[in-house]
Amino acid sequence: MSASAEVAAIWRIESARIVGGLTRWCGDLDLAEDLAQEAVAEALEQWPASGRPANPGAWLMTVAKRRGIDGFRRRERLDERHALLAGELRIEPAQREADELDDDVLRLIFTACHPVLAREAQVALTLRVVGGLTSEEIARALLVPTATLQQRIVRAKKTLGAAAVPFAVPGPEEFRARLGTVLSVLYLVYNEGYAATAGGDWMRPELAREALRLARIVAQLLPREPEAHALVALMELQSSRFGARTAPGGEPILLADQDRGRWDRAQIGRGLAALERADALGRGRGAYGLQAAIAACHASAARFEDTDWHRIVLLYEALGNLAPSPVVDLNRAVAVSMATGPATALQLVDELAASGSLRGYHLLPSVRGELLAQLGRSDEARAAFEEAAHLTGNDRERSVLLGKAAAQG
Amino acid sequence: MKYMLIMRTTDEALAASAELDFEQIIADMGRYNESMINAGVLAGGDGLTPAEEGVVVDFTADAPIVTDGPYGETKELFNGFWILDVKDQAEAVEWAKRAPLGAGDKLEVRRITGVEDFPADNEWIQKEAEWRAAGEGEPKA
């Protein structure tokens, strides 16, 4: 195994703790990242000759701090604070307790998802500093040019500095809302991977896997937060279907037609266990808990026709009341069509269409097309499918929709 | 990617570990497992009871021969495993290196096959898919 592959693996495992620990040490996320990168470069240079140190994470941290102090000296900025930091290093820092490093990771997550940042900046910064991904990897996953992504990260760090955002876990008065932001950033990353909104790939599973890994980390660090466990449950349950969601040619296969034997049963088991952990906290289900419960209904049906659609309708109703959203209403309409038939569902979809809240969203005409087709209204169905094909940004999905339009005769 | 870390050890190493503080072994192993859980990579794992409690079914002869464990001439005993959900083999190896094991112990790192590793048009692969869908032969969560 090459030295660079080994260092990359260590970086993936240690980076959040190293960058978190360094940020707390020097008070500057941007500098912390630079120092960590310098330490990695030094590792790549030294380890092939000197051998890998016994504790590579601690080695990287110490080298990064040494580099930091060299920098302060060069810039003659060895003021009182930096002298203090230098002194701490000379005393040979004791291996910090794992708990303390975990706290740094948590601080890092809350900082990267701070509300002063725009949503896309939160996503980029989280993948970079918490996930340890390179700008190239993030740019490729998010389908933006590397230069754009780098610019986004630079600006995000400047914004954090300008707003003097503290490197801290939020206090109780804002904790709930801030945790909500963290979870929503992770879910956005997951969804970008699960149902790619643009480009030629129906799924970008590596992005979804990364989101799941980060969600597991958050749930471990905040074991008393039901929605953190519920988000893990939701991601595990949806990911269990990855193997069944695409045909060999890459075309998407929808839930009804999926070969359920290709669902990952072990992953379903982990998802159900995570939902149980969320429920066991006894604080009721939030938006992720309800979505995970819906995914669990699908996961536990051996065949499509065994699905408990009445229960799914109830869960969507609860979800719609808790977090009103036209997308949830559309999903509820689909569940209603399965539970009670296409006519009632079409009424709901037409009301949604009339409200205009989903204008431009391809799944609205797509669902409408399905319902019209079931009701034998072929001409209207064809027009709806064509409209959906026109609206989607995903090439694979477009060809499926055009195929459905053509099948209306 | 899912990888299995397969733990193998020798009679000598097992005998040597009997001298060690059991509480300490449990604590070290617990910390190791916790670090993988915290990193979001541990997907499963278990240890096995001593090989003396097991039996071996040997297919060398025409009919399978069942003998008491351990494996006779085999020097290495399989005594536990972890399943990791990681990015690549390098990350699995990196986690393997961190296991609290000692002289005589080995971890074999093997990728676990997924549905994508088999031809989807094979009759038996399709049957297995049906069994899995029905939840037969699957470990309970």
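The values are calculated or read from the model by the stated rules, or taken from the named source; none is laboratory data. The structure presented is a predicted model; accordingly, all values stated were derived computationally and were not measured. Cβ placement follows ideal geometry from the backbone for every residue including glycine, while neighbour counts extend to all protein chains displayed.
Odds and ends about this structure:
- Within the range A:219-236, no residue that is within 12 Å of chain B (Cβ to nearest Cβ) and closer than 16 Å to residue A:299 by Cβ sits with its Cβ atom under 7 Å from a residue that is surrounded by fewer than 24 Cβ atoms within 10 Å (Cβ to Cβ) and of a type in the set (Gly, Ala, Ser) at 6+ positions apart or across chains.
Residue by residue, here is whether (1) under 20 Å from residue B:2 (Cα atoms); (2) away from every other protein chain (no Cβ under 14 Å) holds:
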residue: B:32; (1), (2): yes, no
residue: B:37; (1), (2): yes, no
residue: B:47; (1), (2): yes, yes
residue: B:50; (1), (2): no, yes
residue: B:56; (1), (2): no, yes
residue: B:63; (1), (2): no, yes
residue: B:67; (1), (2): no, yes
residue: B:76; (1), (2): no, yes
residue: B:81; (1), (2): yes, no
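- Among residues of the range A:352-364, those that are part of a helix (DSSP H, G or I) and either modelled with pLDDT of 95 or more or within 26 Å of the chain's Cα centre (by Cα) (or both), counted: 2
- Restricting B:18, B:13 to those that are away from chain A (no Cβ under 14 Å), of a type in the set (Gly, Ala, Ser) and surrounded by 15 or more Cβ atoms within 10 Å (Cβ to Cβ) reduces the list to B:13.
- Residue match in the range A:299-313 (condition: within 22 Å of the chain's Cα centre (by Cα) and either basic (Lys, Arg) or crowded, with 20+ Cβ neighbours inside 10 Å (or both)): yes
- Summed over the range A:96-152, the residues that are farther than 21 Å from residue B:40 by Cβ and either in a helix (DSSP H, G or I) or within 14 Å of the chain's Cα centre (by Cα) (or both) give a count of 14.
- Residue match in the range A:348-366 (condition: surrounded by fewer than 18 Cβ atoms within 10 Å (Cβ to Cβ) and under 24 Å from residue A:244 (Cα atoms)): yes
- Considering the range A:1-14, the residues that are farther than 11 Å from residue A:56 by Cα, more than 7 Å from chain B (Cβ to nearest Cβ) and part of a helix (DSSP H, G or I) include one that is modelled with the highest pLDDT, namely A:4.
- Qualifying residue in the range B:105-113 (condition: over 27 Å from residue A:244 (Cβ atoms), within 14 Å of chain A (Cβ to nearest Cβ) and free of Cβ contacts under 8 Å to residues at least 24 places away in the same chain): no
- Residues within the range B:32-85 that are assigned to a strand (DSSP E or B), among the hydrophobic types (A, V, I, L, M, F, W, C) and within 18 Å of the chain's Cα centre (by Cα), tallied: 10
- Going through (1) at pLDDT 85 or above; (2) closer than 27 Å to residue A:232 by Cβ one by one, residue B:38 falls short only on (1).
A quick yes/no check of all residues on (1) outside any helix (DSSP H, G or I); (2) facing chain B (nearest Cβ under 9 Å):
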| site | (1), (2) |
| --- | --- |
| A:249 | yes, no |
| A:256 | no, no |
| A:271 | no, yes |
| A:282 | yes, no |
| A:285 | yes, no |
| A:293 | no, no |
| A:301 | yes, no |
| A:315 | no, no |
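- Residue list for the range A:317-335, restricted to those being assigned to a helix (DSSP H, G or I) and not small (Gly, Ala, Ser): A:317, A:319, A:321, A:322, A:326, A:327, A:328, A:329, A:330, A:331, A:332, A:334
- Matching option when the condition is surrounded by fewer than 18 Cβ atoms within 10 Å (Cβ to Cβ), farther than 20 Å from residue A:103 by Cα and among the acidic types (Asp, Glu), among A:136, A:174: A:136
- Options A:155, A:176: the member that is part of a helix (DSSP H, G or I), over 15 Å from residue A:213 (Cα atoms) and modelled with pLDDT under 95: A:176
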